[in-house]
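Contents: one structure, followed by commentary.
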Amino acid sequence: MESPAKPTPAVNKAKRKSAAPAASKISFSAKTVKRLKDALPLIKRDAKILAARGEAEADTRLLVVDVMTALGWDKTVDLTGEARVRGDAMDYLLKVDGVGVAALEVKSSSVPLKEKHLRQVEKYAADSGFEWMILTNGHHWQLYHLTFNRPLVIDLISEIDLFDDLKKTPAILESLLIFSKESFSKKFVAAKWRARIATAPEQLRTVLLSKEVVNAFRKELRKKSGQLLPLDETVRVLREWLKV
C-alpha cells in the first residue's frame, strides 16, 4: 500500500524555550510493553479492515480508543470525548491524574493525514494550553510538541504507520510506546523531545560552527595537510560542506 502523504509543519525560526526537566532514561515497564504487544495484532487487523472499507471517522474513533486502551489510557477516566475548547470541540482530551495534557485529533482511516489536520489539532492544543498533541487516522500516528513562542514552534516527536510492513514488531512497539500513558506520567515523552531538540539541525549547526569545534578542525586539518587555514576561511569551507 502506498504510504499516505504526511503533514509537514512549516519550519519556524523562533528560538525554543528550554525543555522542562524529564526522565534521563526511557525504560517502559514490562506490563506496559506486554499489554501493547498482546493487543497489536488485533489492532493492525482492525485498522486494515477500516481502511479497506473507507469507514467514517466515527468508526475510526472506536479503533483509536482500543489503541489508547492498549497504551494504558483508561477510556472512562483519561479520555474525554468532544472536549469543548473556545466554542469548538477536540476529538479527545487526554488526562493524567485528572489534568489535561494533550489534544488528540482523529481522522477517517481512509483519509491521509495532511497539513490542515495538523493545524486543526494545533489550534485545540494552543487554545487549551497543551504542549502535546496527537494526530491519527487509526493506522498512521503522529506525536507533536508545541512550544508557546511567537511564532509557535512545532516539533514532530514520533511517527508510526501500522501499515509499514518493513517495520518489525519490536520497532512498531518502540514507536508506539511513546504515546502511552506511562510515557506521559513518567515524562518519557519530554525526554524524547529533549533528545530531538539536542539533535535538531539548527542545534548541530551551532555546535559544528562554534569557535571551539572550528579551531579543533583547523588543527586536525593542519596535521593531515600541513596547511593552517585562516579562521574565516575554515568557517566558509565548513558552511559549504554542511550546506548552511
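The values are calculated or read from the model by the stated rules, or taken from the named source; none is laboratory data. Every value quoted in this text rests on a predicted model; they were computed, and no experiment measured them. Cβ: placed from backbone, ideal geometry, glycine included. Neighbour counts: every protein chain shown.
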I'm told Ala83 meets every condition in (1) more than 23 Å from Phe28 (Cα to Cα); (2) within 18 Å of the chain's Cα centre (by Cα); (3) hydrophobic (A, V, I, L, M, F, W, C) except one. Can you identify the failing condition by its number?
(2)
Among the numbered criteria (1) surrounded by 18 or more Cβ atoms within 10 Å (Cβ to Cβ); (2) assigned to a loop (DSSP other than H, G, I, E, B); (3) on the phi < 0 side of the Ramachandran plot, which one does Thr60 miss?
(2)
Does Leu94 satisfy being closer than 29 Å to Ser128 by Cβ, free of Cβ contacts under 8 Å to residues at least 24 places away in the same chain and touching an Asp or Glu at 6+ places or on another chain (Cβ under 9 Å)?
no
Considering residues that are crowded, with 21+ Cβ neighbours inside 10 Å and among the hydrophobic types (A, V, I, L, M, F, W, C), the number found within region 119-129 is 2
In region 103-136, anything of a type in the set (Gly, Ala, Ser) and under 20 Å from Pro151 (Cα atoms) is listed as Ala103, Ala125, Ala126, Ser128, Gly129
Would you mind stating whether Val207 is modelled with pLDDT under 90 and in contact with a Ser or Thr (Cβ under 9 Å, 6 or more places away or on another chain)?
no
Only one residue in Thr169, Thr147 is exposed (fewer than 12 other Cβ atoms within 10 Å of the Cβ), hydroxyl-bearing (Ser, Thr, Tyr) and in the same structural domain as Val77 (by TED's automatic domain parsing), so which one is that?
Thr169
Before we move on, is Gly98 under 23 Å from Ala47 (Cβ atoms), over 18 Å from the mean Cα position of the chain (by Cα) and not charged (D, E, K, R)?
no
Kindly provide the set of residues from region 136-171 that are under 23 Å from Lys37 (Cα atoms) and of a type in the set (A, V, I, L, M, F, W, C), ordered by number.
Trp141, Leu143, Ile157, Ile160, Leu162, Phe163, Leu166, Ala171
Yes or no: Ser185 at pLDDT 95 or above and more than 19 Å from Val64 (Cβ to Cβ)?
yes
Return yes or no: is Arg119 assigned by TED's automatic domain parsing to the domain that holds Glu182, basic (Lys, Arg) and closer than 20 Å to Leu156 by Cα?
yes
Among the candidates Asp78, Asp88, Asp66, which residue alone is touching a residue at least 12 places away in the same chain (Cβ under 8 Å), surrounded by fewer than 18 Cβ atoms within 10 Å (Cβ to Cβ), acidic (Asp, Glu) and more than 17 Å from Val121 (Cα to Cα)?
Asp66
